[in-house]
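Below is one structure, written out as structure tokens; comments come after it.
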Amino acid sequence: MKLASLNKRWIKLSGIGLLVIIVLALVFKDKLFSKPATNLMTATIVKGNVEDTVLASGTLKPIVLIAVGAQVSGRITALHVTLGQTVKKGTLLAEIDSVTQQNNLKTTQAALANTRAQLAEKQASLVLAQQTLDRQKVMIKKNAIAQADLDSAQAEVNTNIAQIDGLKAQIIEAQVAVDTANANLGYTKITAPKDGTVLAIVSQEGQTVNAAQSAPTIVVLGQLDTMTIRAEISEADVVRVKPGQQAYFTILGNQTQRFNASLESIEPAPTSITSDSSISTSTSSSSSSSTSTTAIYYNGIFHVDNTDRQLRTYMTAEIHIIIGSAKDVLTIPSAALGKKGQDGKYMVRVKDKKGNITRQPVEIGLNNKITAELKSGLNEGDEVVTGFSTPTTSDTTRNMNNRPPMRL
């Protein structure tokens, strides 16, 4: 009986002890297993510049870029320019073997001379035939000759006139052949069509070029004083830009220097229109539609001065087309802005010097999604909440390890 009584008493005391432990655990659970504290991320209202731009990329090219080619076939006998040389319009660039063209010119000139000689002969025959006809007309009045003789003389005159007209036409044809041969001879001397700089020498001296199907390029010329940029503007941004807007761009080799430019024009259709298979001149009773996931870009044209030759052909340019700008104004991070109200104002959370958080409506001007222009509602130096940060697990563990031991 005593043993049973002791067991019941032990069980009772054990239950009371367990209950005490549970109560203590509940009391001190926040201290033992505290949740990571949430820290506020804030920013200060300061003065600065806000700029809203459309970003595009493009390639620099000379405003005039010409592939100078050969219009006749043959071997290049001389090359008179070097890479990078500046040339004027009409400067002799290269020469092609002209023996064939010279022979053709001589042949056509001889044919022209021969036709002119035939014309002179027929003109003399016409004079003689006309004199004979005049005599026959006098004699027919005296009944000295038969009518057949007069008719024969008239026919001879008419024949000579017709042959002269034919020879005159042949002379025109022969003259055209001479002009063509003379032009082909001139084509053996390749000259610069405009002022420019030799950017590339495609064909070398001694090389044979064939102009039967297409004009082979000899040299490439470019006018480097002004460069042109064809900027690819996405279809999402092209509705925000228009000719006349100011822009600036940077190059990969010097991203700190800005080059100013102005948007001169926007091409009405993307370059992909040339590869559109739906464009056809033939008619069909059936039609089909298809969708494409290819991005669409429209070319914006910029011109920029390059008299210092700092910009080079085919450099990559990162262009910023300025939609709007505000200078020396109060600025606020866009991340601090809440929802826009019906009155057009945004709610922001403001932290005072005591750490209290209040809500304040503000009026916003230009906003590039990173920084916004603050027009009213706050003052310079005010602190706004931009977000929250939660300490990492290692930070929480470190704080728990540094906690002094709990005493019961």
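Regarding the stretch 139-158, can at least one residue be identified that is polar (S, T, N, Q) and either open to solvent by less than 50 Å² (accessible area, probe 1.4 Å) or within 30 Å of ALA215 (Cα to Cα) (or both)?
no
Give the residues of the stretch 258-281 that are of a type in the set (Val, Ile, Thr) and in contact with a Gly (Cβ under 8 Å, 6 or more places away or on another chain), sorted by residue number.
ILE266 - this is the single residue of the stretch 258-281 that is of a type in the set (Val, Ile, Thr) and in contact with a Gly (Cβ under 8 Å, 6 or more places away or on another chain).
Outside any loop (DSSP other than H, G, I, E, B), open to solvent by 60 Å² or more (accessible area, probe 1.4 Å) and at pLDDT below 95, is that true of GLN163?
yes
Could you tell me whether any residue of the stretch 26-48 is closer than 30 Å to ALA200 by Cα and either modelled with pLDDT of 65 or more or open to solvent by less than 70 Å² (accessible area, probe 1.4 Å) (or both)?
no
May I ask you to verify whether ILE218 is under 16 Å from the mean Cα position of the chain (by Cα), assigned to a strand (DSSP E or B) and surrounded by 17 or more Cβ atoms within 10 Å (Cβ to Cβ)?
The answer is no for ILE218.
Looking only at the stretch 369-398, how many residues end up being open to solvent by less than 60 Å² (accessible area, probe 1.4 Å), modelled with pLDDT under 80 and touching a strand residue (DSSP E or B) at 6+ places or on another chain (Cβ under 9 Å)?
Number satisfying all stated conditions: 2.
VAL127 fails exactly one of the following numbered conditions: (1) surrounded by 18 or more Cβ atoms within 10 Å (Cβ to Cβ); (2) assigned to a helix (DSSP H, G or I). What is the number of that condition?
(1)
Looking only at the stretch 192-206, count every residue that is crowded, with 17+ Cβ neighbours inside 10 Å and either part of a strand (DSSP E or B) or not polar (S, T, N, Q) (or both) and tell me the total.
Residues meeting the conditions: 6.
Sort out which residues of the stretch 43-58 are more than 22 Å from the chain's Cα centre (by Cα) and among the hydrophobic types (A, V, I, L, M, F, W, C), and write them in order of number.
Scanning the stretch 43-58 gives ALA43, ILE45, VAL46, VAL50.
What are the residues in the stretch 181-191 that are touching a strand residue (DSSP E or B) at 6+ places or on another chain (Cβ under 7 Å), open to solvent by less than 60 Å² (accessible area, probe 1.4 Å) and over 12 Å from THR100 (Cα atoms), if any?
ILE190 - this is the single residue of the stretch 181-191 that is touching a strand residue (DSSP E or B) at 6+ places or on another chain (Cβ under 7 Å), open to solvent by less than 60 Å² (accessible area, probe 1.4 Å) and over 12 Å from THR100 (Cα atoms).
Scanning the stretch 71-116 for residues that are free of Cβ contacts under 8 Å to residues at least 12 places away in the same chain and of a type in the set (Gly, Ala, Ser), which turns out nearest to GLY222 (Cα to Cα)?
Result: ALA110.
Which one of the conditions (1) at positive phi; (2) open to solvent by 50 Å² or more (accessible area, probe 1.4 Å) does GLY74 fail to meet, given that it meets all the rest?
(2)
The values are calculated or read from the model by the stated rules, or taken from the named source; none is laboratory data. A quick note: this is a predicted structure, and the numbers were derived from the prediction, not measured. With ideal geometry, Cβ positions are generated from the backbone for all residues, glycine too; neighbour counts draw on all protein chains shown. With ligands, DNA and RNA removed, areas are computed over all heavy atoms of the protein, side chains included. Shrake-Rupley method; radii C 1.70, N 1.55, O 1.52, S 1.80 Å.
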